Amino acid sequence: MSDKIIKGSVWKYGDNINTDIISPPAYMELSIAEASKYAMSPIDPEFSTKFNKGDILVAENNFGSGSSRETAPLTLKHLGVDIIIAKSFARIFYRNAINLGILVLECNETHKIEDRDELEVNYLEGEIKNITKNETYKCSKMPEHIMKIINAGGLVPFLKEYKKDR
Amino acid sequence: MGMTISEKILAHAAGVDKASAGDILWVKVDKAMMDDILGPRVEIAEKLKELNAGVWDKDKVVVISDHYTPPANAKQAEIVKFTREWAKEYGVDNYYEFVGPCHQIMVENGHALPGKVVLGTDSHTCMYGAMGAFATGIGSTEMLGVLVTGEIWLKVPETIRVVWEGHLQKGVMAKDVVLKTIGKIGHAGATYKAVENVGSTIENMIMDERMAISNMAVEMGAKAGIIPTDEKTKEYLAQRGITEGYEIYESDEDAEYCETLYFKAEELEPVVACPHEVDNVTEIKNVEGTEIHQAYIGSCTGGRYNDLLEASKVLKERKIAKGVRLLVSPASKEVWDRCAKDGILQILSEAGATILAASCGACLGLHSGALAPGEVCISSTNRNFLGRMGSKDSKVYLASPVSVAAAAIEGKIVDPRKYL
Ligand code: SF4
């Protein structure tokens, strides 16, 4: 993450976008590239074609609940999802996303955000500007130990450094 | 201030005297489990090669092919083959296949022991909390880190204490207890937290039942579903020849809990979780008469010996309704054999059940019983998410094995108590 401001336009979803929705089990035997065509398909079959790199995925409560399947963040990442903003995340998904270098930010006001709103996200300051609506929301900042992982480029390079230091 | 079981296990694994909720610790991992669907094939095999690394301790790694066994097509077969060959290449002797869902296999083979830290690439790894372990699900990249280093960073969770007191009514099972608890806490109510299940109701339960409770901790978002180790745990292990090599931790009297919830067992009636969320829980009487097409008894939640035994009491000398299918997949080959020997499979089969291999298959709609659009299933498994067991236009109700058996008899959801 070189720039601390991320700009993009929104695709918006609701509560409890669980891993069976993000990565339906029936397609998990496919490669990530193939499986990503079906990401989110139970609720939005268009997702894989309409989501463009640089867009921002926004949802409400409990994003990523259910399975530990990393195919969920992997397929999203494959489609260009670099940042997800939700009111809350399920624990395993949150860690998986970070380990793959996807920024996951918690914001209590995502119900004010709609499809195609333009956002400017300052993830170091914990601030989201909704350019379309001319509103500003607070969001979580990434905890320091997690930023270390993201700055290192993911968990594996981070672990290598960590072991060297010990 | 005292410590909870989770805090004690994690402190020990991190080599520190004290740990409290919120601390971030690097802990040593006692066992790392990978299944076929989310194991080596997702990132792990490729990245291990890239890192030019092996596994830190092959005796602490367990690999289990369970989701795609027996394979339904060539793709699935390829994944199982890959998993098998990967285990061989890395010298992982703890490799199992075609013997049932990973969590049951872990417990039966002594890989999940009291006081240990166990991590798995499957969210229901939290089941080993019933064995007194601190166990939780992680993603594949995270598992890669564990395989290379034998360590992981964990945030010590706060603990919600769930107290169940009293005797359950006839026809009410551990599954009803955990569904009721989830209904109360909510599907995200325990996110990042540990749940500690205590009270006389839990103490009275045999290990088969306790595992159904810990198994579903993740359905409240929880990181761990702990049940204190007692004589029953020790006896269960002793029957498997394990009498040492584990540590028993108890929560201190003055341990800190973020919340304590009390439930009375006598008041609990059979319940179901309605589509499409596990916390969408209501008494069975509120949905009585709902037509079903498939009834499923199986999985790491509801396919153990006791589950099949109780279901067989409902189905003995009865027949399932015409047009309804009852599928039974014992939670392991060991369970399968024991039920066969004791005549349980025969009773179920005579009632009209189709007895399947021990497998994950139908639980997540991969094979052996997926649902068609418009179909309704009542299931003793742990998830009823949209599309979980097949078509996204199907519906899944979660219930206890006896409630599933009773529904199969009538072709609709009913209170199982009239059959007991
Ligand atoms: S039986 Fe179902 S819940 Fe258990 S490990 Fe298999 S797929 Fe997962």
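The values are calculated or read from the model by the stated rules, or taken from the named source; none is laboratory data. The model shown is predicted, which means the values in this text are computed figures rather than measured ones. Using ideal geometry, Cβ is built from the backbone for each residue, glycine included, and neighbour counts are taken over all protein chains shown. Remember, those area values only see protein heavy atoms, side chains included, never the ligands or the DNA or RNA. Shrake-Rupley method; radii C 1.70, N 1.55, O 1.52, S 1.80 Å.
Assorted remarks:
- When you filter the GluC sites (Glu not before Pro) in the range B:1-52 for DSSP loop state and at most 11 other Cβ atoms inside 10 Å of their Cβ, nothing is left.
- Tail beyond 21 Å, pair distance distribution of the range B:193-302 (Cα, percent): 50
- Sorted largest first, extent of the range A:5-165 alpha carbons per principal axis (Å): 46, 40, 24
- Within chain B, no helix built from a complete DSSP H run reaches 27 Å or longer along its own axis (Cα positions) while carrying a mean Kyte-Doolittle hydropathy of 0.0 or higher.
- Shown in residue order for the range B:321-331 are the 3J(HN,Hα) couplings computed by the Karplus curve 6.51 cos²θ - 1.76 cosθ + 1.60 at θ = phi - 60°: 5, 5, x, 10, 10, 10, 10, 10, 10, x, 6 Hz (x for Gly and Pro).
- Counts of other chain beta carbons within 10 angstrom of each beta carbon in peptide B:143-153 average 4.
- The listed peptides A:31-41, B:110-120, A:68-78, ordered by packing as a protection proxy, come out as A:68-78, B:110-120, A:31-41 (highest mean of other Cβ atoms within 10 Å first).
- Per-residue packing, averaged as other Cβ atoms within 10 Å, sorts the ranges B:213-219, A:123-129, B:386-392 into the order B:213-219, B:386-392, A:123-129, beginning with the highest.
- Each 5 Å bin from zero up to the one holding the largest Cα-Cα distance in the range B:272-419 carries the following percent of pairs: 2, 12, 23, 26, 21, 12, 4, 1.
- Given B:K58/B:K116; B:K232/B:K313; B:K8/B:K116, the pairs whose alpha carbons are separated by over 19 Å: B:K232/B:K313
- Note on the protein assembly as shown: Cα Rg divided by 2.2 N^0.38 Å, N the number of residues, gives 0.92.
- Protein accessible area in chain A, 1.4 Å probe - carbon and sulfur %: 48
- Spin-label pair B:A74/A:E46, simplified geometry with 7 Å Cα→Cβ offset, distance in nm: 3.6
- Accessible surface computed residue by residue for chain B, with neighbouring protein chains in place and a 1.4 Å probe, gives 34 Å² per residue.
- Calculated FRET efficiency, A:S140 to B:M1, Cβ-Cβ distance, R0 = 30 Å: about 0.60 to the nearest 0.05.
- Efficiency of FRET between B:E203 and B:E244 - r from beta-carbon atoms, R0 22 angstrom, step 0.05: 0.40
- Under the Debye formula (equal points on every Cα, no solvent term), log10 I(q)/I(0) of the range B:184-258 at q = 0.12, 0.15, 0.23, 0.28 Å⁻¹: -0.39, -0.60, -1.16, -1.32
- Across q = 0.11, 0.12, 0.14 Å⁻¹, chain B modelled as identical point scatterers on its alpha-carbon atoms has Debye log10 I(q)/I(0) values of -0.78, -0.93, -1.26, in the order of the q list.
- Look at the stretch B:384-393: the mean tally of other chain Cβ atoms within 10 Å of its residues' Cβ atoms is 5.
- For peptides B:341-350, B:64-73, sequence by mean Cβ density within 10 Å, most packed first: B:64-73, B:341-350
- C-alpha center-to-center spacing [the range B:34-74, the range B:256-271] in angstrom: 39
- Disulfide-incompatible cysteines by the Cβ rule (no partner under 4.7 Å) in the protein assembly as shown: B:C102, B:C126, B:C258, B:C274, B:C300, B:C339, B:C360, B:C363, B:C377
- Förster radius 25 Å - calculated FRET efficiency between B:E283 and B:E259 (Cβ-Cβ, nearest 0.05): 0.55
- For B:G387, the residues whose amide H sits under 5 Å from its own are B:S394, ignoring neighbours fewer than 5 places away on the same chain, with H placed 1.01 Å from N.
- Summed over both chains, the area buried between A and B is near 3600 Å², taken from the accessible surface of protein heavy atoms with a 1.4 Å probe.
- Annotation: amide H of B:S329 within the under-5 Å range of B:I297, B:G298, B:S299, B:L356, sequence separation 5 or more or interchain, hydrogens built in the peptide plane.
- ³J(HN,Hα) computed for each position of the range A:21-30 - Karplus, 6.51 cos²θ - 1.76 cosθ + 1.60, integer Hz, glycine/proline x: 7, 5, 9, x, x, 4, 9, 6, 7, 7
- Karplus-based coupling profile of the range A:80-96, in residue order and whole Hz: x, 7, 9, 8, 10, 10, 8, 5, 7, 10, 6, 4, 5, 4, 4, 5, 4, with θ = phi - 60° in 6.51 cos²θ - 1.76 cosθ + 1.60 and x standing for Gly or Pro.
- Counting only Cα atoms, the size of the range B:144-241 along its three principal axes is 48, 39, 18 Å, in decreasing order.
- Residues with amide H under 5 Å from that of B:K412, placed H, sequence gap 5 or more: B:I292
- Shielding of B:354-365 by partner chains, average beta-carbon count, 10 Å: 1
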